Amino acid sequence: MSKIKGNLLPLKHQLISKSSMFKKLSLLVLLFISFSLVKAQEKIPFRITKHNNIIVKTLVNDKDSLDLMFQIAMEDASISPERTRKADHIIFKDEISENNTVKIGKLTKKNIQFFDNELTGHEADGKIGTGIFKGKAFKIDYDNNQFMIYNKMPDLKGYESTPLFSENGQFYIVADNVIGGKQEEVYFLLQSGYSGGILYSNEFADGKELDKKLTVTSEKTLKNSAGKSIVTKQGVLPFLKLGNIVLKDVSAGFFAGDLKTQKTNYFGADLLRRFNWIFDAERKTAYFKPSKYFSEGYYKIK
């Protein structure tokens, strides 16, 4: 009997050891699953046009294949009168279409509202807004040409943050502008449909006398049928500061002349692409860090 007991002791230790190893493996698996839940739940590929616009391939109502421009300044979607692809299965009533299903990559979203006859960016049949990310944190990953959608906030190492102000589905941030040697705090609308860098409102351009304080690099004058003119000017902003990051010699546009309709300051697509962005689910904070485009030359408005 003593001999048998002597042989059982190593076996007992082996069983205990295997049990302990199993528990460790189980813990590792649980940790991996928990970590995976924090990571992106969906990835949506996109391409960037030479005009800095983001284009996503979509299937609407399982019938219409459309290239839609991502517009961060809207929640819903729209169809352009200049589209090249058919949108016969989006049914409009008074230029609004309700309850549409949109598929982008592996993501399916229902109850998407489309507006008709809205102009959009180059190479696009229409626009798609931030409603596809409703209730989720999301990332615009310019380095890898993809959106990433999260159930929980991802690792924010290396990112700076700035308050995000939302109004009617549009997002605003604050950045410092150095104009005429003075630092001016400006609220900018994030506007991925505008291909350029900054576009100042008429109120700001007139109030800060940008025509005198910025170096103007180009100018174009257009007149309507009544003979009233609108003058578009492109200038150079010496410094733009977002958080602790400074951009130099930023392309900045503004209007002059009789017709003055620009009511908002734009933070355009050429600036947006210079960062990778993460927006929290509540749309209270935007996180950003330089992308691979940060030091590229500025887009020229023609």
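The values are calculated or read from the model by the stated rules, or taken from the named source; none is laboratory data. All values derive from a computational prediction rather than experimental measurement. Here the Cβ is made from the backbone with ideal geometry for all residues, glycine too, and neighbour counts use every protein chain on show. Quick note on the areas: whole protein, heavy atoms, side chains included, nothing else; ligands and nucleic acids left out. Shrake-Rupley method; radii C 1.70, N 1.55, O 1.52, S 1.80 Å.
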note = Within segment 46-84, of all residues that are in contact with an Asp or Glu (Cβ under 7 Å, 6 or more places away or on another chain) and part of a strand (DSSP E or B), the one most open to solvent (accessible area, probe 1.4 Å) is 57
message = Can you find a residue that is of a type in the set (Gly, Ala, Ser) and more than 16 Å from residue 46 (Cα to Cα) anywhere in segment 103-115?
response = no
message = I'd like to verify a number: residues in segment 256-302 that are open to solvent by less than 60 Å² (accessible area, probe 1.4 Å) and basic (Lys, Arg), how many?
response = 3
ask   = Applying the selection to segment 201-228, what residues are part of a helix (DSSP H, G or I) and either open to solvent by 90 Å² or more (accessible area, probe 1.4 Å) or at positive phi (or both)?
value = 203, 212, 213
key: Neighbours by Cβ (under 7 Å, 6+ apart or cross-chain): first from segment 109-128, in contact (Cβ under 8 Å) with a residue 60 or more places away in the chain; second open to solvent by 80 Å² or more (accessible area, probe 1.4 Å) and assigned to a loop (DSSP other than H, G, I, E, B)   = 126/83
ask   = Can you tell me which residue in segment 64-95 is nearest to residue 115 (Cα to Cα), limited to those that are of a type in the set (Asp, Glu) and in contact with a helix residue (DSSP H, G or I) (Cβ under 8 Å, 6 or more places away or on another chain)?
value = 76
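Residue 198 - would you say it is of a type in the set (Val, Ile, Thr), touching a strand residue (DSSP E or B) at 6+ places or on another chain (Cβ under 9 Å), touching a residue at least 40 places away in the same chain (Cβ under 8 Å) and surrounded by 14 or more Cβ atoms within 10 Å (Cβ to Cβ)?
On the way: of a type in the set (Val, Ile, Thr): yes; touching a strand residue (DSSP E or B) at 6+ places or on another chain (Cβ under 9 Å): yes; touching a residue at least 40 places away in the same chain (Cβ under 8 Å): yes; surrounded by 14 or more Cβ atoms within 10 Å (Cβ to Cβ): yes.
Criteria met by residue 198.
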ask   = Got a sec? Which of 105, 169 is within 30 Å of residue 294 (Cβ to Cβ) and in contact with a helix residue (DSSP H, G or I) (Cβ under 9 Å, 6 or more places away or on another chain)?
value = 169
ask   = Taking strands (runs of 3 or more DSSP E) that do not extend beyond segment 90-187, which have at least 1 residues that are open to solvent by less than 30 Å² (accessible area, probe 1.4 Å)?
value = 96-104, 107-115, 126-128, 137-141, 146-150, 160-163, 170-179
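Which members of segment 239-255 meet the condition of being open to solvent by 30 Å² or more (accessible area, probe 1.4 Å) and at negative phi?
Here is the first cut: in segment 239-255, the ones open to solvent by 30 Å² or more (accessible area, probe 1.4 Å) are 239, 241, 243-244, 246, 248-249, 255.
Scanning segment 239-255 gives 239, 241, 244, 246, 248, 255.
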